[in-house]
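Scroll down for the structure; my scribbles are underneath it.
Readers should treat all values here as calculations from the given coordinates under stated rules, not as data from a laboratory. As the structure is a prediction and not an experimental result, all values here were calculated from the model. Here Cβ is always computed from backbone atoms with ideal geometry, including for glycine, and neighbour counts include all displayed protein chains.
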Amino acid sequence: MPERTITLIVVDDHPVVRDGLRGMFESASGFEVLGEASGGVEGVELALRLDPDVVLMDLRMPEGGGVDAIAALTRRGARAKVLVLTTYDTDSDTIPAIEAGATGYLLKDAPREELFTAVRAAAEGRTVLSPAVASRLVSRVRTPVAGNEALSAREREVLELVARGTSNREIAAELFISEATVKTHLTHIYAKLGVKDRAAAVAVGYDRKILG
């Protein structure tokens, strides 16, 4: 079976970057660039209108920042997964983007194949973090008392499903438990890992080799 074509839009205020990304993806099989936007506001409108699988989102743009755009897409229930692609990896950039609802965060110096892999993963709902960003996120969320208690077998199963982008309802169906039980497991996972959200839990899970 041929692989499904992943549709995406590129949101970046630099025309050269947009042209480069479009050319890169159009030269590879399995991708289709539906459109481009030069700012966050335009990017949100484009994403809602074209309904791509993935939005490649820069963060710092004159015509509306990426974090606000990500939050707007999340708030309006957009189907598209947002993969941040930027030159900035400071805490003030990474944490707000993840909290706003970004599925992944890569730096613009990522190799071509890594970017392709990240877009495919994002389209499947899996969290994608560049090593530098993952390290920062882990350092930010880790607390001195966290991490001494191991996850149970069931909690590991839940975390693995979270890493694959599975929703609480889907996790409940997969494991034959209630959504309330899933939420309880997540609460315990967050407490044991010293984190506050799903993306941070996945990042710490990979850092501590809980996830393969």
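Just add up the charged neighbours of TYR190: K/R +1, D/E -1, any other residue whose Cβ is under 11 Å from the Cβ of TYR190. Combined, the nearby Lys, Arg, Asp and Glu give +2. Placing +1 on each Lys and Arg Cβ and -1 on each Asp and Glu Cβ, with no other charges, gives the chain a dipole about its Cα centre of roughly 760 debye. Taking amide H as placed 1.01 Å from N in the peptide plane, ILE6 has its amide H under 5 Å from the amide H of PHE31, GLU32, each at least 5 places away in sequence or on another chain. Value of Rg to Rh for the chain, rounded to two decimals, is 0.98; Kirkwood radius and Rg both from alpha-carbon coordinates. Distances longer than 13 Å among the Cα atoms of segment 143-207: what percent of all pairs is that? In whole percent, the long-distance tail amounts to 58. Enter the angle in degrees (range 0 to 90, nearest 10) between the Cα long axis of helix 40-50 and the first principal axis of the Cα atoms of the chain, meaning the one along which they spread out most. Tilt relative to the chain: about 90 degrees.
So for the chain: antiparallel DSSP bridges make up what percent, rounded to the nearest 5?
Percent antiparallel among DSSP bridges in the chain is about 0.
Counting only residues at least eight positions apart within a chain, or on another chain, the aspartates and glutamates with an alpha carbon under 14 Å from that of LYS196 are GLU99.
Calculated FRET efficiency, THR90 to LYS183, Cβ-Cβ distance, R0 = 35 Å: about 0.65 to the nearest 0.05. Where the alpha-carbon atoms of segment 15-133 are placed on the principal axes, they occupy 33, 32, 28 Å, in descending order.
Ignoring lysines fewer than eight residues from LYS209 along the same chain, the ones with Cα atoms less than 16 angstrom from its Cα are LYS192.
Between THR166, THR184, THR103, the residue with the greatest mean-square fluctuation in the GNM of the chain (Cα pairs under 10 Å linked by springs) is THR184. Distance between the modelled labels on GLU124 and GLU32, one decimal in nanometres: 2.1 nm (7 Å Cα→Cβ projection).
Projecting label points 7 angstrom from Cα along Cα→Cβ for GLU174 and LEU107 puts them 3.1 nm apart. Short-range pairs are left out: with C-alpha atoms under 8 Å and at least six residues apart, the relative contact order of the chain is 15 percent. Applying 1/(1 + (r/R0)^6) with R0 = 25 Å to the Cβ-Cβ distance of ASP19 and LEU48, what FRET efficiency is obtained, to the nearest 0.05? Approximately 0.60, to the nearest 0.05.
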